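Okay, structure first, notes after.
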Amino acid sequence: MLWNAQEIDLFLKEKAYIDTVVIPLLPVSISDGTRQEAEQAEFISLLTAMLERQFKGRMLLIPAFTYMTSRDHRAKIEELKSWCDELSAQGFAHTVCITSDTSWKGHEEELDANIIWMPSIPLHHMDDKYKRKIVDDQVNQLIKIIVQKWQSA
């Protein structure tokens, strides 16, 4: 389910069946890495939107956790941890964070969340048909990873 007024009403009615929340992790900076981070944001946003469509009724896609890359990494971890703790307290059994930023690797235990790193693919020069095929392939990989995590929980 998406984070919008119409689907949130449905979410509130069906909350007992929705056990997974997805948080896109998106870096932001206005520096040399800006283009790469914009590409990551575009890719992860498209990927998570398509993932949500595949699992509608089982997961909620919330707005992205957006952070400045220049900020202290420990502070970013603590802020995301507070999000994960709140979502867990609200009844979500699974929190899945999806990112193309390698700095999040290895922090799953601290966050009590599944962090899935996906290599960013620059989409801006691709035609729509090819872009769709690539993202579909990536979503299929994500589906396998998430289903495996559900089964092992």
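Distance distribution note for the stretch 1-136: the fraction of Cα pairs above 22 angstrom is 40%.
Note on the chain: Lys pairs 8 or more places apart or on different chains, Cα atoms under 15 Å apart, count 4.
Based on the Cβ-Cβ distance from GLU14 to ILE143, what FRET efficiency comes out when R0 is 25 Å, to the nearest 0.05? The pair GLU14/ILE143 has a calculated efficiency of 0.75.
List the trypsin sites (Lys or Arg not before Pro) within the stretch 66-113 that DSSP assigns to loop and that have no more than 14 neighbouring Cβ atoms inside 10 Å. Could you put the intermediate results ahead of the total?
On the way: sites: ARG71, ARG74, LYS76, LYS81, LYS105; in loops: ARG71, LYS105.
Passing sites in the stretch 66-113 are ARG71, LYS105.
Quick note: the coordinates plus some simple rules give every number you see, no bench work behind them. Just so it is clear, the model here is predicted, and its values are computed rather than measured. A quick note on method: Cβ atoms are made from the backbone with ideal geometry, for glycine too, and the neighbour counts reach across all protein chains shown.
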